[in-house]
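Structure first, then comments.
The values are calculated or read from the model by the stated rules, or taken from the named source; none is laboratory data. Keep in mind it's a predicted model, so treat the numbers as computed, not measured. Ideal geometry is used to build each Cβ from the backbone, glycine not excepted, and the neighbour counts take in all protein chains shown. Calculation scope for accessible area: heavy atoms of the full protein, side chains included, ligands and nucleic acids excluded. Shrake-Rupley method; radii C 1.70, N 1.55, O 1.52, S 1.80 Å.
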Amino acid sequence: MIEFRHVGKKYPDGTVAIEDLSFDVAQGKITVLVGPSGCGKTTSLRMINRLVEPTSGGVYIDGRDVQREDPQELRRSIGYVIQDGGLFPHRTVADNVSAVPVLCGVKKKTARRAALDLLDTVGLDRSFASRYPWQLSGGQQQRVGIARALAADPPYLLMDEPFSALDPVVRGQLQDQLLAIQAEFAKTIVLVTHNVGEALKLGDQIVILDTGGTLMECGSPEHIIAEPSSAFVAGFLGASRGYESLGFVGGDTIDPRPVDPVHLGETLATGASGWVLVVDDKGAFLGWFDAAKGPAVTRDAINWSCAPALRTSTLKDHMDSVLSSPARLGVVTDEQSRVIGVIGLQDVLSALDPTVRG
């Protein structure tokens with residue numbers, strides 16, 4: 001466990017970055033530090049691996065004061081992921097990932113073999129092992145950065161706004177990848193972000209800070225959303241916090257309604273009207289087609305806006321599917337994107353509150 005005990009950081013010019021900060025980081029969970037600019041999120045994170053030294057109080061790992069630890073040894077035992085990956089530009093992907101194990105005495109061949117396995121873990125093809133960072137996209141660099149942080153199998157992982165420079169699609173993919181990795185390895189992760197939605201999605205525990213490193217609230221996302229401790233916390237979470245709360249409710253109780261899809265390239269029956277759901281030859285969802293544009297179901301006439309959701313997804317995902325659909329019907333699929341059925345707004349509301357009926 002990581003413990004902050006009355007931690008303070010005051011710079012020589014008198015600036016107080018953090019004042020009397022105390023909280024615990026739960027073992028094997030993801031703790032997210034979030035708050036406005038200048039609240040000490042990154043400063044607090046860097047105190048854990050001694051990139052920043054406190055001026056008062058202490059940070060403890062498994063009961064040991066990190067101030068008493070050798071900085072180099074401490075950092076080798078803690079994975080660290082920063083924005084833009086922070087990779088060595090003159091080293092290949094495989095050498096970047098294997099760097100820390102080699103420093104710790106692992107033979108280079110052994111470390112490189114393990115690096116290939118880690119590329120699998122972070123969802124990056126092994127063919128990238130011989131490339132250099134400048135040959136990778138931003139998302140690929142971040143995957144390598146995560147693999148490098150995991151290479152020495154550290155129990156602790158620090159992540160400083162790791163996804164903030166990425167586009168929304170890649171950012172969502174890497175968030176999901178991190179959750180999958182965490183489900184398998186159960187690391188103790190401390191992550192800094194300025195994005196409330198990201199904090200709610202990733203965090204088992206959220207620590208909300210204000211200027212000067214003032215602790216405003218610490219708790220589970222569900223608790224903080226349901227019972228903000230102050231007007232500051234409520235305001236920081238934003239006006240969409242009620243909608244965000246749907247992300248903590250599973251959609252398992254929703255029963256999708258059957259739907260008769262059409263295949264791309266088919267011709268609609270005479271008299272067809274309204275929106276028609278379109279699938280490929282494997283039954284995977286493609287989009288919606290307006291029968292008024294028919295009768296031929298062509299690719300360039302498909303509306304691609306609808307975001308399908310898995311049957312086991314949260315109510316937020318199902319609500320997104322409904323609201324993004326031109327037909328105002330959410331699409332429910334299996335893990336292979338094959339259509340199971342459709343749902344409406346009332347189906348989502350009924351799952352949230354059984355007293356609601358369509």
Condition set farther than 23 Å from Gln27 by Cβ and within 18 Å of the chain's Cα centre (by Cα), scope the stretch 129-146, selection surrounded by the fewest Cβ atoms within 10 Å (Cβ to Cβ): answer is Gly138
So for the stretch 86-99 (the condition being at pLDDT below 90 and closer than 28 Å to Gly197 by Cα), does at least one residue qualify? yes
Trp288 meets each of (1) under 30 Å from Leu200 (Cα atoms); (2) surrounded by 17 or more Cβ atoms within 10 Å (Cβ to Cβ); (3) over 25 Å from the mean Cα position of the chain (by Cα); (4) at pLDDT 95 or above with one exception, condition (1)
If we keep only residues of the stretch 313-333 that are hydrophobic (A, V, I, L, M, F, W, C) and out of contact with any Pro (no Cβ under 8 Å at 6 or more places or on another chain), then the residue most open to solvent (accessible area, probe 1.4 Å) is Leu323
Flagged in the stretch 269-285 as open to solvent by 50 Å² or more (accessible area, probe 1.4 Å) and either closer than 23 Å to Gly250 by Cα or not hydrophobic (A, V, I, L, M, F, W, C) (or both), in numbering order, are Thr270, Gly271, Ser273, Asp281, Lys282
If we keep only residues of the stretch 38-85 that are in contact with a Gly (Cβ under 6 Å, 6 or more places away or on another chain), on the phi > 0 side of the Ramachandran plot and outside any strand (DSSP E or B), then the residue surrounded by the most Cβ atoms within 10 Å (Cβ to Cβ) is Gly40
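Consider Val348 carefully, then state whether it is open to solvent by less than 30 Å² (accessible area, probe 1.4 Å), in contact (Cβ under 8 Å) with a residue 40 or more places away in the chain, part of a strand (DSSP E or B) and touching a strand residue (DSSP E or B) at 6+ places or on another chain (Cβ under 8 Å). Show your work before the answer.
Working: open to solvent by less than 30 Å² (accessible area, probe 1.4 Å): yes; in contact (Cβ under 8 Å) with a residue 40 or more places away in the chain: yes; part of a strand (DSSP E or B): no; touching a strand residue (DSSP E or B) at 6+ places or on another chain (Cβ under 8 Å): yes.
Taking the combined requirement at face value, the residue does not satisfy it.
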Considering residues that are over 15 Å from the mean Cα position of the chain (by Cα), surrounded by fewer than 18 Cβ atoms within 10 Å (Cβ to Cβ) and assigned to a loop (DSSP other than H, G, I, E, B), the number found within the stretch 147-185 is 2
Could you go through the stretch 293-304 and let me know if any residue there is closer than 30 Å to Glu222 by Cβ, in contact (Cβ under 8 Å) with a residue 12 or more places away in the chain and either surrounded by 19 or more Cβ atoms within 10 Å (Cβ to Cβ) or under 33 Å from the mean Cα position of the chain (by Cα) (or both).
no
